[in-house]
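Worksheet: one structure, shown below.
The values are calculated or read from the model by the stated rules, or taken from the named source; none is laboratory data. Just so it is clear, the model here is predicted, and its values are computed rather than measured. In this analysis, Cβ positions are derived from the backbone assuming ideal geometry, glycine residues included, and neighbour counts consider all displayed protein chains.
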Amino acid sequence: MSAAEGLLIRGLTAAFGKREVLRGVDLAVAPGETVVLFGPSGVGKTVLLRAVAGLERAGGEVSVAGREVSGLPPEARGLGMAFQNFALYPHLPARENIASPLRARRLPEAEIARRVGAIAALLRIGHVLDHAPRELSNGQKQRTALARALAAEPRALLLDDPLRNVDAKLRYEMRLELPRLLARSGAAAIYVTQDYREAMALGQRVAVLLDGRIVQDAPPEEVYDQPATVEVARLFGDPPINLLSAESLPGGRLRAAGLEVPLPDSLRALPPDAQLGLRPEHLSLLPSPAPGAAPASVVAVTPLHERQVVLLRTASGEELVASLAGAAPPVGAAVWAAAEPGHALLFAGGQRIAHGAGREVAAA
């Protein structure tokens, strides 16, 4: 099915006073597809969701299932919403919170009971349906809010960082469960987060919102491996990407911090502001000299999950960070750092100009 049958956003604009928050956002989400809207705090992710829902004044067009809803009130747009603050009715038990959008549509009691029971069983909250919100844990509140959004079987679903206020264990479990739940719902879903790991885990596509615009909209692995801009590259990865001033060398090579890698075939020389980007996991440490490797010393070693993060200082004084799957050399050790050419990223003017040796990628 096409995005025209799901959720379609065209030229969405919003402002607070003279400050532009959204500057002509276009986004299309097909039925059954989940697009993660990603960006740091304060870039307008929640404003975008609220504008789509009709809770904020905005310019542009919003269509749901082929019907333009821009001029309609929130309750007439056919949207389901779940927000990070849960927004449950405090005087109603969980059962009635979930049933509230169904009662607003005046569905028969038997149908309401069926839908509430089915979604509660799916989200494993059937045992707390008679509890008031104050009696629920944050995880149960989160699932109740999600159940309320899903129970109405909306054509489009807006999820504003719904896992932000739950504990780490439940957040991990829901990252595994949510893709299946959302796909099963058949709704066109926009999921907001500022956690890049969550974005990578949940989205079939990731739309990166910066400075009021979508600067990249692509599958998660493409956003990570081929970031459109330096700013996008910095937002994805822990530890963050190494960004180094680069210069051209004779023979179709470039040098950065003493490292040498081949220039892409399409580039004979680099712009003066060129930068080489290297993910820490794409930096190897060698015990002896090798072509293209830079001499360096180990400054610090820190375990991070199952890897070892190594801080290096090159002979020319630059700092590099490597992430190793195996054992790390001891602090003070002399090593040679080598880049994996196929994973080298090149930027100029903040935009990606090439990816990998010999493969041209158009700048965003």
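Among residues of segment 107-136 that are over 22 Å from Glu177 (Cβ atoms) and surrounded by 12 or more Cβ atoms within 10 Å (Cβ to Cβ), those with a Cβ under 6 angstrom from a residue that is at pLDDT 90 or above and not hydroxyl-bearing (Ser, Thr, Tyr), sequence gap 6+ or separate chain, pair up as Ile112/Ala99; Ile112/Leu102; Ala132/Pro93. When segment 329-339 is limited to residues that are crowded, with 18+ Cβ neighbours inside 10 Å and among the aliphatic types (A, V, I, L, M), the one that is farthest from Ala257 (Cα to Cα) turns out to be Val335.
With respect to the conditions (1) acidic (Asp, Glu); (2) modelled with pLDDT of 95 or more; (3) outside the structural domain of Thr302 (by TED's automatic domain parsing), Glu281 lacks only one, and its number is (3).
Return yes or no: is Leu320 surrounded by 16 or more Cβ atoms within 10 Å (Cβ to Cβ) and in a loop (DSSP other than H, G, I, E, B)? Full working, then the answer.
Numbers: surrounded by 16 or more Cβ atoms within 10 Å (Cβ to Cβ): yes; in a loop (DSSP other than H, G, I, E, B): no.
In short, no.
Residue pairs whose Cβ atoms lie under 9 Å apart, separated by 6 or more positions or on different chains, with the first residue in segment 76-89 and in a strand (DSSP E or B) and the second surrounded by 22 or more Cβ atoms within 10 Å (Cβ to Cβ) and of a type in the set (Asp, Glu), are Met81/Asp160; Ala82/Asp160; Phe83/Asp160.
Yes or no, residue by residue, for (1) at pLDDT 90 or above; (2) hydrophobic (A, V, I, L, M, F, W, C); (3) surrounded by fewer than 20 Cβ atoms within 10 Å (Cβ to Cβ):
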site: Arg164; (1), (2), (3): no, no, yes
site: Pro179; (1), (2), (3): no, no, yes
site: Leu209; (1), (2), (3): yes, yes, no
site: Ala269; (1), (2), (3): no, yes, yes
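Applying a threshold of 6 Å to beta carbon distances and a minimum spacing of six or more residues, or different chains, the list of pairs starting in segment 340-364 at a residue that is farther than 16 Å from Arg253 by Cα and surrounded by 21 or more Cβ atoms within 10 Å (Cβ to Cβ) and ending at one that is modelled with pLDDT of 50 or more and not polar (S, T, N, Q) reads Arg352/Ala228. Conditions: (1) buried (at least 18 other Cβ atoms within 10 Å of the Cβ); (2) touching a residue at least 40 places away in the same chain (Cβ under 8 Å); (3) small (Gly, Ala, Ser). Ala256 meets all but one. Number of the miss? Failed condition: (2). Residue check: is Arg148 out of contact with any Pro (no Cβ under 6 Å at 6 or more places or on another chain), part of a helix (DSSP H, G or I) and surrounded by fewer than 17 Cβ atoms within 10 Å (Cβ to Cβ)? Judged against the criteria, Arg148 is not a match.
Would you confirm, using the coordinates I've provided, whether Arg255 is outside any strand (DSSP E or B) and basic (Lys, Arg)? Answer is no for this residue.
The condition of being touching a Gly at 6+ places or on another chain (Cβ under 7 Å), loosely packed, with under 15 Cβ neighbours inside 10 Å and farther than 21 Å from Leu163 by Cα holds for Pro73.
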